[in-house]
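Comments concern the structure below.
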Amino acid sequence: MTKTIRIGNGQGFWGDSIDAPIRLLRGGPIDYITMDYLAEVTMSIMQRQKLKNAERGYAHDFVAFIDKVLPELVERNVKVIANAGGVNPEACQRALMKVAEKHGIEGLKVAIVTGDDILHRLEEFRGKGEALANMDTGEGLFDAEREILSANVYMPTHGIVEALDQGAQIVVTGRSTDPGLVLAPLIHEFGWDWQDWDKLALGTVAGHILECGAQCTGGNFTNWREVPGMDDIGYPIVEASDNGEFVVTKHERQGGLVTVDTVSEQLLYEMGDPQNYITPDCVADFSTIQLEDLGDDRVRVFGVKGKPSTDFLKVSISYLNGYKAVGQLTVSGPEAYDKAVKCAEILWKRLEHAGYTYHEPMTEYLGVGVCHEGIVENLAAPEVILRVGVKDPDRAKVDRFGKEIAPLVTSGPPGVTGFAGGRPKAAEIVAYWPALLRKELIDVHVKVEEV
Amino acid sequence: MKRVKLAEIAHARSGDKGDGSNVGLIAYSDRGFELIAREVTVERVKAHFGKICLGEVDRYEIPNLRALNFILHDSLGGGGTESLKTDAQGKTHGMGLLEMEIEVPENFVR
């Protein structure tokens, strides 16, 4: 009999629905649940948490989820793969073991995959002559003094596969690629060769379709009126046998929509060069993907071709890059837009009178067409939100800006309101620095613990 | 010939790519793909997003998905956490592209 496995993604990003993975588990048959917790700057937040408390620095939501569903997971033998480890996978593993003990579960294996955190190795790489040049600007990481907050490598998928091969039911990683969370169980189940580029690309495409959760099941879909039951939207599932193709679907009784159109939109999401979708595991060619509507919220994906992986791994570095503040006021009509323009003019002049100027200050008029500026505009809007912001290396300068917004309510044009929540305060800008590192400099570590 | 919005011919999704955004434009039919492939050029997209995209525009064709992919460089005010813009991730640029009008044959239906 042909083996078919069902992999669902219950978390598309840090801050996604906390109920989604539970609904994915309970809504129908499922073999694997993947969960993505890491945005590009999440690691910096977690590094700070770890500095304050050595047992923190990972996604607490994930441990709470496991606590809620562990007996069910064990009973149905559903495996969970999550990049919830943040910068402290060891602490996450300890927390998970405690949860397992609390539920009186025996024989459960929890694995962590590490080696991605290179914050402590940056000096070593500098000594070896690695530039860690910014992929967007070409500037070398060490060319200037920078307050670096975190540095993590997008890891190859080998570690997760090894953890599954060792019998782990829960696998926690630090920085892994999003598609890798889905690719790993396919390799584990079907024993794919690490040189079988077409299969690796197929699994990578499956991961790309799933990685943003409901974005392939009707969420963020152009034809939103066609999507039934969005309040109960089903999260995506890939159904795969080892036959060079897979089906994208969702649980039958949940809302949402899976069609060639919804899947195509997600395939193009955050796409660069479609012929060269580069991951640590392979290079997938999206110009080879074929889609077929099977009806009943099922889309067949086939024909995917891949190419060998590159010799480099992508590194995600975050560093402190000054401060920012944004504030807003609501300006009512008549002549809302003209009054908002006047308010902005007054605000920036008053700051100038006080001796404060800023590089590229931001002024937006929400309601007249900010998102589609120059494309669709309506300067006759009955009310307008004036949104202003600044950034600067000097925290005090940014705070000073925040004090200039409220006075406009009483000392500017009439009918201005909506100043709530106090003066906007300077917030740190955690900036993102993408770079490449030679693959051979990084080792993958897998540690399996059993209760 | 008649002028129609791209929304009549195609659907779209966008997201961020560093300090730029990517906009995927997907035709509803093979005939629609021929039209967008011919009409929706780099120059037209750059002009359409003139106030938003301050850099170059890259364009890729993906016929198997009946799609075009555009990269709008320098369109997010610094991108990610550095941007002060409401749409710091270019999430709305796809819907913005669908507002573009192109010439299609009088008898065209999507």
- Nitroxide proxy distance, nm - points 7 Å out along Cα→Cβ at B:M1 and A:E106: 7.9
- Please average, across the residues of A:205-212, the number of beta carbons from any other chain that are within 10 Å of each residue's own beta carbon, and give a whole number. 0
- Item | the range A:364-417, Rg to Rh (Cα coordinates; Rh as Kirkwood inverse mean 1/r) | 1.07
- Item | Burial order of peptide ranges A:426-435, A:441-450 (average beta-carbon count within 10 Å, highest first) | A:426-435, A:441-450
- Amide proton proximity set for A:D117, modelled H, under 5 Å, gap of 5+: A:V153
- Please give the average number of partner chain Cβ atoms lying within 10 Å of the Cβ of each residue in A:325-331, rounded to a whole number. 1
- Starting with the highest mean, order A:151-157, A:117-123 by the number of other Cβ atoms within 10 Å, averaged over the residues of each peptide. A:151-157, A:117-123
- Query: Given Cα pairs under 8 Å that are at least 6 residues apart, what percent is the relative contact order of the range B:2-104?
  - Reply: 42
- Message: Going through the cross-link list A:K324/A:K447; A:K68/B:K85; A:K50/A:K397; A:K50/A:K391; A:K50/A:K305; A:K250/B:K51, which pairs have a Cα-Cα distance over 32 Å in this structure?
- Response: A:K324/A:K447; A:K68/B:K85; A:K50/A:K305; A:K250/B:K51
- Give me the Kirkwood hydrodynamic radius of the range A:283-326 in Å, from all C-alpha pairs, to one decimal place? 15.1
- Phi angles of the range A:239-249, converted by Karplus (6.51 cos²θ - 1.76 cosθ + 1.60, θ = phi - 60°) into ³J(HN,Hα) in whole Hz with x for Gly and Pro, give 10, 9, 10, 8, 10, x, 8, 8, 10, 9, 8
- Item | For q = 0.14, 0.15, 0.18 Å⁻¹, Debye-computed log10 I/I(0) when each Cα of the range A:1-109 counts as one equal scatterer | -0.58, -0.66, -0.91
- So between A:K3 and A:E145, what do we pick up on full extension, going 0.36 nm a residue minus the alpha carbon distance? 45.7 nm
- Note on the structure: Taking R0 as 35 Å and r as the Cβ-Cβ distance between A:N223 and A:D136, the FRET efficiency 1/(1 + (r/R0)^6), rounded to the nearest 0.05, comes to 0.55
- Degrees separating the helix B:30-39 axis from the principal Cα axis of chain B, which is the longest one: 60
- Task: Determine the sum of side-chain charges near A:F419: Lys and Arg each +1, Asp and Glu each -1, restricted to other residues whose C-beta is under 13 angstrom from that of A:F419.
- Result: +2
- The equivalent-ellipsoid semi-axes of the range A:82-158, taken as the square roots of five times the Cα gyration tensor eigenvalues and listed largest first in whole Å, are 36, 12, 10
- Message: Normalised radius of gyration for the range A:309-381, please: alpha carbon Rg relative to 2.2 N^0.38 Å, two decimal places.
- Response: 1.67
- Task: Collect residues whose amide H, placed 1.01 Å from N in the peptide plane, falls under 5 Å from the amide H of A:M135; neighbours closer than 5 in sequence don't count.
- Result: A:A435
- Query: For the range A:358-411 and the range A:211-241, what is the separation of their Cα centres, given in Å?
  - Reply: 35
- Item | Averaged over B:61-69, number of beta-carbon atoms from partner chains that fall within 10 Å | 6
- Buried accessible area between A and B, both sides, 1.4 Å probe, in Å² rounded to 100, is 3500
- Task: Starting from the alpha-carbon convex hull of the range A:122-185, give the projected area averaged over all orientations, in nm².
- Result: 6.1
- Stokes-Einstein, Kirkwood over Cα pairs, chain B, 4 °C, 1.567 mPa s; D in µm²/s equals 93
- Note on the structure: Of the DSSP H helices in chain A, the ones reaching 18 Å or more along their long axis in Cα terms and averaging at least 0.0 in Kyte-Doolittle hydropathy are A:60-76, A:178-190, A:197-210
- Amide H proximity to A:L108 below 5 Å, modelled H, separation 5+ or other chain, gives A:V451
- Average accessible surface area per residue within the protein assembly as shown, 1.4 Å rolling probe, Å²: 42
- Please compute P(r) over all alpha-carbon pairs of the range A:107-146, binned at 10 Å starting from zero, and give each bin as a whole-number percent. 23, 41, 18, 11, 7, 0
- Note on the structure: Across all Cα atoms of the protein assembly as shown, Rg and the largest Cα-Cα distance (Dmax), in Å, are 24.7, 79
- Query: Roughly speaking, what is the stretch gain from A:K349 to A:L441, that is 0.36 nm per residue apart minus the C-alpha to C-alpha distance, in nm to one decimal?
  - Reply: 27.8 nm
- Note on the structure: Using alpha carbon centers only, the range A:1-60 is separated from the range A:83-152 by a whole-angstrom value of 16
- Message: Report the per residue volume, in Å³, of the convex hull enclosing the C-alpha atoms of the range A:319-433.
- Response: 107
- Query: How large are Rg and Dmax for the range A:166-278 when only the alpha carbon atoms are used, in Å?
  - Reply: 14.9, 46
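The values are calculated or read from the model by the stated rules, or taken from the named source; none is laboratory data. From a predicted model like this one, the values you see are computed outputs, not experimental measurements. Note: ideal-geometry Cβ built from the backbone for every residue, glycine included; neighbour counts use all protein chains shown. Please note that ligands, DNA and RNA were not included when accessible areas were found on the heavy atoms of the full protein model with its side chains. Shrake-Rupley method; radii C 1.70, N 1.55, O 1.52, S 1.80 Å.
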